[in-house]
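The values are calculated or read from the model by the stated rules, or taken from the named source; none is laboratory data. Quick caveat: nothing in here was measured; it's all calculated off a predicted structure. Every residue, glycine as well, gets a Cβ built from its backbone with ideal geometry; the counts of neighbours run over all protein chains shown. The area values use the complete protein model at the heavy-atom level, side chains included, leaving out ligands, DNA and RNA. Shrake-Rupley method; radii C 1.70, N 1.55, O 1.52, S 1.80 Å.
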Amino acid sequence: MEIHQLKIRSEFFHAVKLGRKKAEFRRNDRNYQVGDLICLWEIGADEKPTFKKLEACITHVTDLAEWAPGYVMLSLDLFKEPSLTFPEGCR
């Protein structure tokens with residue numbers, strides 16, 4: 001299991017937090033795997049960190065090479081409380 005530290009703009013951060021956004025379209029530059037942990041760090045409109053974090057487990061990786069070479073769609077299972085427990089299937 002790897003831990004990936006990623007930045008995410010405020011508008012998307014809040015959509016993930018509210019459960020409206022359950023997937024991330026990302027450049028496949030980190031060898032993402034099912035079961036990996038993602039820490040999403042919010043950045044504001046000024047591109048500066050807000051120091052707010054969400055944690056999620058990758059539950060599925062879709063290779064988008066046919067439509068967007070070098071990119072993947074990551075399905076996420078958001079942790080209810082950061083750093084406390086892993087969601088089922090994420091070890």
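I'd like to verify a number: residues in segment 31-47 that are open to solvent by 50 Å² or more (accessible area, probe 1.4 Å) and under 16 Å from residue 6 (Cβ atoms), how many?
Just the residues of segment 31-47 that are open to solvent by 50 Å² or more (accessible area, probe 1.4 Å), to begin with: 31, 33-34, 41, 45-47.
Filter once more, keeping what is under 16 Å from residue 6 (Cβ atoms): 31, 33, 41, 47.
The qualifying residues number 4.
Any idea how many residues of segment 1-33 are basic (Lys, Arg) and in a strand (DSSP E or B)? Working first, answer last.
Step one: of segment 1-33, the residues basic (Lys, Arg) are 7, 9, 17, 20-22, 26-27, 30.
So of that shortlist, the ones also in a strand (DSSP E or B) come out as 7, 9, 26-27.
Total meeting the criteria: 4.
Taking segment 10-30 as the range and being surrounded by fewer than 13 Cβ atoms within 10 Å (Cβ to Cβ) and not hydrophobic (A, V, I, L, M, F, W, C) as the test, the residues that pass are 11, 19, 20, 27, 29.
Looking across segment 68-87, the residues that are loosely packed, with under 14 Cβ neighbours inside 10 Å and modelled with pLDDT of 95 or more come down to 68, 69, 70.
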